[in-house]
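Novice: Please find one structure pasted underneath; my questions will follow.
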Amino acid sequence: MPFITLTPVQGAQGGEGPEIRSFRACLPHWERLAAAPAQADPFCCGPEWQLAFHETLTPDKRLFYLASPDGLAVFSEFLADRGRVFLAPAENGWLFGCPVLGPDACEALAASLEVFDAAYPNAVPHIILSGIRPAGPLAAGLLHRFGGDYAFFRHGSSAQCVASLEGGLEGYLSRRSANHRAKLRKARRRAAEAGVVFTRELPATAEEAAALYARMLAVEARSWKGLGQCGMAEPPAREFYAALVQKLAASGKLRAIMASRDGEDIGFIFGGLTGAPAGATYRGQQFSYAAAERRLSLGNLLQLETLQWLCEEGVRRYDMGPVTGPRMDYKRHWTEEDLEIQTWVMVRKP
């Protein structure tokens, strides 16, 4: 199988050396494999999410990648005490995405393990595999291919909530409760009477993306999250989402909406696409609104405006990320299915 050699990339966020050019040339391939509908969180398997995390939170760590026509492995290197080595996904905080992708994911991992064994002769690497659907084909393939030589330990699990956009906006709304639909109609009338305007934002340059993000942060500062200093305006979330907005804008995958009244921004929502717009998956990221405007139901209306836009484009799936804890219960009104993902630690047996 014609693999690109497992290549370490230092400082993947910048520079134009041969290794960086080779790595960047692999990004469309990474995007294509991440977009597979079998993934619980396709967007977070892809390069924008993974590299935004790497560049802002772990820029000192080396990345390793290995690609074949139908497989990809991308790992970040962590050298711990007592000679221990951890190979983790590039995004190793939330652990939403999977570091091995494609029909040949197990082959890509097997080739990677050979290189890791040679690179760390005095250590036993711990391979962290996140985004694993426990009943999916990748989980079965991993256990079948590597179960004889490697032990697998479950490190954690979560559920990602998703909804189909089949049938467009009307089809989607027909699958919501009558009470939810009535609340949305009432909120739309109330917001229109109050003079609220929703604007779709598609920044075309880095400067436009930065200006849009600054507007979002100004709204966030007046939200309950901003007032409580627990939102995306706080570091390192501030830097992470700034990088993510820039990457999504540059690739044309950003979908953002601003809510305003009398020329003043009072709310925002944004997320990103995986795959071409027609048939793509949308993954929501952040939304917020001024705490003083709570009575206008801006959170619900921003979701609805986003859904209308996505349905017009032919997007097929709406992902809202994790659904854990009481603050995530609102997602139940918008989604239809929970997809469990697990994080496994893989270690060679003695």
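The values are calculated or read from the model by the stated rules, or taken from the named source; none is laboratory data. Only a predicted model underlies this, so the values are computations on that prediction, with no experimental measurement involved. Cβ: placed from backbone, ideal geometry, glycine included. Neighbour counts: every protein chain shown.
Novice: So is A139 farther than 24 Å from Y282 by Cβ and modelled with pLDDT under 95 or not? If you could, list the steps in order and put the result at the bottom.
Specialist: Values: farther than 24 Å from Y282 by Cβ: yes; modelled with pLDDT under 95: no.
No, not satisfied.
Novice: Within the group A187, A242, A192, A209, which residue is over 21 Å from G321 (Cα atoms), modelled with pLDDT of 95 or more, in a helix (DSSP H, G or I) and within 21 Å of the chain's Cα centre (by Cα)? Don't jump to the end; show me each part of the working.
Specialist: Numbers: A187 fails: within 21 Å of the chain's Cα centre (by Cα); A242 fails: over 21 Å from G321 (Cα atoms); A192 fails: within 21 Å of the chain's Cα centre (by Cα).
It is A209.
Novice: Something else about it: Regarding the stretch 266-275, can at least one residue be identified that is surrounded by fewer than 23 Cβ atoms within 10 Å (Cβ to Cβ) and in contact with a Lys or Arg (Cβ under 6 Å, 6 or more places away or on another chain)?
Specialist: no
Novice: When you go through (1) more than 20 Å from W94 (Cβ to Cβ); (2) buried (at least 20 other Cβ atoms within 10 Å of the Cβ) one by one for A192, which number turns out not to apply?
Specialist: For A192, the exception is condition (2).
Novice: Out of all the residues in the stretch 312-350, which are among the basic types (K, R) and under 30 Å from V124 (Cβ atoms)?
Specialist: Within the stretch 312-350, R348, K349 meet the criteria.
Novice: Could you pull out the residue among A139, A111 that is in contact with a Lys or Arg (Cβ under 7 Å, 6 or more places away or on another chain), aliphatic (A, V, I, L, M) and over 30 Å from L304 (Cβ atoms)? Break it down stepwise before answering.
Specialist: Details: A111 fails: in contact with a Lys or Arg (Cβ under 7 Å, 6 or more places away or on another chain).
A139 is the lone residue from the list that is in contact with a Lys or Arg (Cβ under 7 Å, 6 or more places away or on another chain), aliphatic (A, V, I, L, M) and over 30 Å from L304 (Cβ atoms).
Novice: Working only within the stretch 317-330, note down all residues that are surrounded by 18 or more Cβ atoms within 10 Å (Cβ to Cβ) and closer than 13 Å to R283 by Cα. It would help to see each step written out before you state the result.
Specialist: So the first thing to find is which residues in the stretch 317-330 are surrounded by 18 or more Cβ atoms within 10 Å (Cβ to Cβ), and the list is 317-321, 323.
Those that are surrounded by 18 or more Cβ atoms within 10 Å (Cβ to Cβ) and closer than 13 Å to R283 by Cα: R317, Y318, D319, M320, G321.
Novice: Looking at the stretch 20-60, which of the residues that are farther than 30 Å from V323 by Cα and out of contact with any Leu (no Cβ under 9 Å at 6 or more places or on another chain) is modelled with the lowest pLDDT? Outline the logic, then answer.
Specialist: If we filter the stretch 20-60 for residues that are farther than 30 Å from V323 by Cα, which is where we start, we get 20-26, 60.
The next check asks that each one be out of contact with any Leu (no Cβ under 9 Å at 6 or more places or on another chain); those that pass are 20-22, 24-25, 60.
Numbers: I20: 76, R21: 80, S22: 82, R24: 85, A25: 86, D60: 90.
The extreme case among them is I20.
Novice: May I pose another question? May I ask you to verify whether F116 is closer than 24 Å to C26 by Cβ, of a type in the set (A, V, I, L, M, F, W, C) and outside any strand (DSSP E or B)?
Specialist: Numbers: closer than 24 Å to C26 by Cβ: yes; of a type in the set (A, V, I, L, M, F, W, C): yes; outside any strand (DSSP E or B): yes.
Here the answer is yes, as F116 does meet what is asked.
Novice: Another question about this same structure. Take the conditions more than 30 Å from L33 (Cβ to Cβ), surrounded by fewer than 22 Cβ atoms within 10 Å (Cβ to Cβ) and either touching a helix residue (DSSP H, G or I) at 6+ places or on another chain (Cβ under 8 Å) or not assigned by TED's automatic domain parsing to the domain that holds L27 (or both) and apply them to G263. Does it pass?
Specialist: Considered against the rule, which asks whether it is more than 30 Å from L33 (Cβ to Cβ), surrounded by fewer than 22 Cβ atoms within 10 Å (Cβ to Cβ) and either touching a helix residue (DSSP H, G or I) at 6+ places or on another chain (Cβ under 8 Å) or not assigned by TED's automatic domain parsing to the domain that holds L27 (or both), G263 comes out as yes.
Novice: Given the options L212, L138, name the one that is assigned by TED's automatic domain parsing to the domain that holds L101 and crowded, with 17+ Cβ neighbours inside 10 Å.
Specialist: Numbers: L212 fails: assigned by TED's automatic domain parsing to the domain that holds L101.
It is L138.
Novice: Have a look at L244, L254, L248 and point out the one that is closer than 25 Å to L184 by Cβ, of a type outside the set (G, A, S) and outside the structural domain of P42 (by TED's automatic domain parsing). Before you say what the answer is, go through the steps one by one.
Specialist: Values: L244 fails: closer than 25 Å to L184 by Cβ; L248 fails: closer than 25 Å to L184 by Cβ.
Only one candidate qualifies: L254.
Novice: Search the stretch 71-117 for residues being of a type in the set (D, E) and farther than 18 Å from F43 by Cα, and hand back the single one that is nearest to the chain's Cα centre (by Cα). Walk me through it before giving the result.
Specialist: In the first step, residues of the stretch 71-117 are kept if they are of a type in the set (D, E); the result is 77, 81, 91, 104, 107, 114, 117.
Remaining after also requiring farther than 18 Å from F43 by Cα: 77, 81, 104, 107, 114, 117.
Numbers: E77: 20, D81: 30, D104: 22, E107: 24, E114: 29, D117: 30 Å.
Residue satisfying both the conditions and the ranking: E77.
Novice: Can R154 be described as outside the structural domain of C44 (by TED's automatic domain parsing), touching a residue at least 12 places away in the same chain (Cβ under 8 Å) and either assigned to a strand (DSSP E or B) or hydroxyl-bearing (S, T, Y) (or both)?
Specialist: In short, no.
Novice: Do we find that V162 is touching a strand residue (DSSP E or B) at 6+ places or on another chain (Cβ under 9 Å), under 30 Å from E337 (Cβ atoms) and among the β-branched types (V, I, T) in this structure?
Specialist: On the way: touching a strand residue (DSSP E or B) at 6+ places or on another chain (Cβ under 9 Å): yes; under 30 Å from E337 (Cβ atoms): yes; among the β-branched types (V, I, T): yes.
The answer is yes for V162.
Novice: If a residue has to be under 24 Å from the mean Cα position of the chain (by Cα) and over 24 Å from P322 (Cβ atoms) to count, how many in the stretch 162-184 make the cut?
Specialist: Here is the first cut: in the stretch 162-184, the residues under 24 Å from the mean Cα position of the chain (by Cα) are 162-166, 168-169, 172.
Cutting the leftovers down to over 24 Å from P322 (Cβ atoms) gives us 168-169.
Residues flagged as under 24 Å from the mean Cα position of the chain (by Cα) and over 24 Å from P322 (Cβ atoms) within the stretch 162-184 amount to 2.
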